Structure formats: C-alpha cells, structure tokens
Amino acid sequence: MFSRILFATFVFATISAQASCIHGTSFLRREVSEEGKVKVSNFGYNKENGPANWAQLEAGNTQCATGKNQSPILLDDTIPKATSRPKVVIADVEEAEFENLGTTLEVIANGTTTFEDKDFALKQFHLHTPSEHRINEEYFPVEMHMVHEGADGSIVVLAVPFQLTEDGSTTQLLTSVIENIDNVTTPGTVTKTGKLEFAELTKALETEALFQYTGSLTTPPCAEGLTFLVMEKPLPLDVKTFNSLKSVMKFNSRFVQNELGKPNVLEVASEAAAKVQCAGPGDKTEVKVDMKADHAGPGDKKTEAKVDMKAGDAGPGDKKTEAKVDMKADHAGPGDKKTEAKVDMKADHAGPGDKKTEAKVDMEAGHQRTSTMSASKTEETDSASQKMETEAKGSKSEETKMEENGKEAGSEQHKVMPAGNKMWRRRRSYKQQ
C-alpha cells in the first residue's frame, strides 16, 4: 500500500504532458488538438533521447537513472508467480480510438480487472516491439501493456507477450487493431480500429501463469511502485501483422534493468566509465609470464617473471615499448643457453590503432641451481670481490717493487766489494736464495 501511495505522490509531482505508459490515466490526461491530433512523446529510443539519457530530458525523470526497482526485468524462477487469479472483464466494441503517440501505438479501451479483491479500471493498452520483458532470457517480437488504475491511484499493468507462428495462426485481436494502421504512420495521428473481441485475451490472462512483481513505468518518468502481471506463455502472432506493427513503431523497447533492489544499471555503468576516465598517465599494467625453463628436469618449478610497464601515455600510432628482464633460472648450469619468451600485449589506455607493447623476457635456462642471493646482495658481493682483487694486486705490486729495489741495491754492493772476498759472495748468494 505504501509503494502505491509513493508512486502516486511521485508521479503527480514530476509528470509532464508527455505520452508515457500511464497515458490516459489520472496522472496523464490525453490531450487532443483541434485538428484531432494527440500530443506526442518528448522522449524516444534513439541517440540522445533514448533510455540511457531519459533522466536528462526532464528534472522529474531522475528515477530512470537512479531507481533500484526499475522495469522491465528478466523473468525466471527467481520472480514469483501470482497466487491470485485476476478477473478480467472487457466488453467487445465495434471500434476504438487508435493513436500514434510517437513512441508507441495505443488503443483507448474500457474494462475492469479485479485482482486481490480490488478493482482496477482499464484505461488503454499499447504495444512494444521487441518485448520489454524477457522470459528466461528470451525476448519476443511484441509485448502488449494493458494499463489499469485503481481508485486510490495505484497502477496495475497486465503484460502479454506475442510469439511468431510458423503455421500462420494469430491472435485476431491484433489483426483487428491494425485494420487502419496506414492512417497512423505519422506521430500524432489518430484513426479507428476494426471490431475488437477480447474473449481470447481475457481467457488467457485468467488461466495462464503470471509473473508478479513491483516495478516501475518502462517510460519516463520511470516512477516506481506499480504492479506488473506478466503472462508466461505468449499468444500467437502471424508475420504479416507483426511486420505492419514494426514498420510504424520501429523500435520502442527499454533495455532490461538490474535485479530488483540492486543499483540502477545506469549508475553501475557511470561508475565503471568514471574509473576508466580517471585512469591517467603513469598507471601500470602488470603482466605475469609463467614458463618452464629450458632443459628443466622432472619436478622443476616454473619461473615467474613480472613485467610492469607504463602505458598511460600511449597514443594512436605510438611505437612499441620494449621491456627486457634477464633472470637466472633455477638450477642453471654452466653453458646453458638463454630462452627468450616474447609477450605481446595491448597497453593500458591504448587508443584505436595503437600498436602492441612487447615485453621480452630473457632467461638463462636448463638444470638451474636455486640462487638465494638477491640482486642487491649480488652487487655488494661483486663490489667486495673487485675491491679485494684490487687490493691484492696492489700488494703484489709493492712486493715486486721492493724486490726489484733489493736487487738493485745488491747489485751496487756487489760492484764495490773486493773481488777476492768469497765469503761475502757466498753469504749474499745464500740470502738471495
């Protein structure tokens, strides 16, 4: 009850004179000009006036982009079936007013549907192609919406899908509806239907299974709180009737909405778009490459190389960015050859025509030995080794210099000593040995 009051309050506060799904009800009275034309819709299903932008067309359409119980939806086992059977009473008529509202074809009709001990007055029925609701993800060529209003302003919509037949069988009601369709090919035009007999339709509504849920108008202002009763089994429709309807209505179906109670699909899409647009230059893309080392023996583990590459600045026509990572593979033995793996990937934020970004990973492979020394420690060890080697070389140079100096000194002493002093010669020879 609360949702019905909320629906009525919202619609009265926001609705403007446009051809909505509740056209002809107390919320949106029919407007006919002196020339006999009806007011057409200010929304549509193409480009900037389509469902994705309905919320921007008027201030009162905010729920089209923010509502969490929007219609149409996917109908399956998660949506309950009506436990009460509707009682539908619609008198046959010789003719009825048939209008082109710019976004649909509508028939002005009168009748009463009693549902859950409450009466709802039939105001009109209109058509959508393709169907707005999908049953077990299957869409149908046409869907009829029979719009009813209660005394308290609550809305009930009986929705009927139609399926094309291979044997040419059809629902005569629709054939009679389009008897003068050539007179309403232009939005705003009005004509008359043929004779309308409702027995086949009302019988199906009273006997076939109906999905029941609380959703929204499928057109602006997308007000929530109305009751949908959607027939599970479609009625038959011949190809000729379908093509006649489609040639005038073209396409007038709102895209399927999110599950009831979940964020609006447009909000979800907007957040996703914002994340993409906020990703600027400098964002990194991480690529993991797992590969078995060349000549790897049984039980050898894979070696993983991570390549982080900046891709935010990549524009159309940019050249490839190459990253090389040289890694010593596990159990690498002497003389093992390198194995080169190339990974081509599209850079993050790459625009149309951007070339691929290539990452090359060079790895020494085959019979590897696990190295527990990090790159930084390896550099420290190498530096220490080089320092020790340099100091050792320096020490040897000093020893060599001293030895050479000793030789020179001995030579000078040998020259000044008397030639007959044999003891000195022997002592000196001994020392040199």
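Pull up segment 80-94, narrow it to residues that are touching a helix residue (DSSP H, G or I) at 6+ places or on another chain (Cβ under 9 Å) and part of a loop (DSSP other than H, G, I, E, B), then point me to the one that is farthest from A109 (Cα to Cα). Once the filter is applied, the top-ranked residue is R85. Candidates F251, F211: the one that is assigned to a loop (DSSP other than H, G, I, E, B) and either surrounded by fewer than 17 Cβ atoms within 10 Å (Cβ to Cβ) or within 39 Å of the chain's Cα centre (by Cα) (or both) is F251. If only residues of segment 155-208 that are in contact (Cβ under 8 Å) with a residue 60 or more places away in the chain and of a type in the set (D, E) are counted, the one that is nearest to V38 (Cα to Cα) is E197. Only one of the listed residues (T186, T202, T191) is surrounded by 15 or more Cβ atoms within 10 Å (Cβ to Cβ) and either aliphatic (A, V, I, L, M) or not in a strand (DSSP E or B) (or both). That residue is T202.
Of the residues that make up segment 94-103, is at least one surrounded by fewer than 22 Cβ atoms within 10 Å (Cβ to Cβ) and hydroxyl-bearing (S, T, Y)? No, segment 94-103 contains no residue that is surrounded by fewer than 22 Cβ atoms within 10 Å (Cβ to Cβ) and hydroxyl-bearing (S, T, Y).
For (1) at pLDDT below 95; (2) in contact with a strand residue (DSSP E or B) (Cβ under 9 Å, 6 or more places away or on another chain), each residue gets a yes or a no:
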| site | (1), (2) |
| --- | --- |
| S3 | yes, yes |
| A17 | yes, yes |
| H23 | yes, yes |
| R29 | yes, yes |
| V32 | yes, yes |
| Y45 | no, no |
| C64 | no, yes |
| I90 | no, yes |
| N100 | no, yes |
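Residue check: F125 meets all listed conditions (1) in contact (Cβ under 8 Å) with a residue 24 or more places away in the chain; (2) assigned to a strand (DSSP E or B) but one, namely (1).
Among the residues of segment 214-235, those identified as in a strand (DSSP E or B) and among the polar types (S, T, N, Q) are T214, S216, T227.
For segment 135-157, what are the residues that are in a loop (DSSP other than H, G, I, E, B) and out of contact with any strand residue (DSSP E or B) (no Cβ under 8 Å at 6 or more places or on another chain)? Result: Y139, D152, G153. Taking segment 191-220 as the range and being in contact with a Cys (Cβ under 7 Å, 6 or more places away or on another chain) and of a type outside the set (V, I, T) as the test, the residues that pass are S216, L217, P220.
The values are calculated or read from the model by the stated rules, or taken from the named source; none is laboratory data. Fair warning: this is a prediction, and the values are worked out from it, not measured in the lab. Note that each Cβ is placed from the backbone with ideal geometry, even for glycine, and that neighbours are counted across all protein chains shown.
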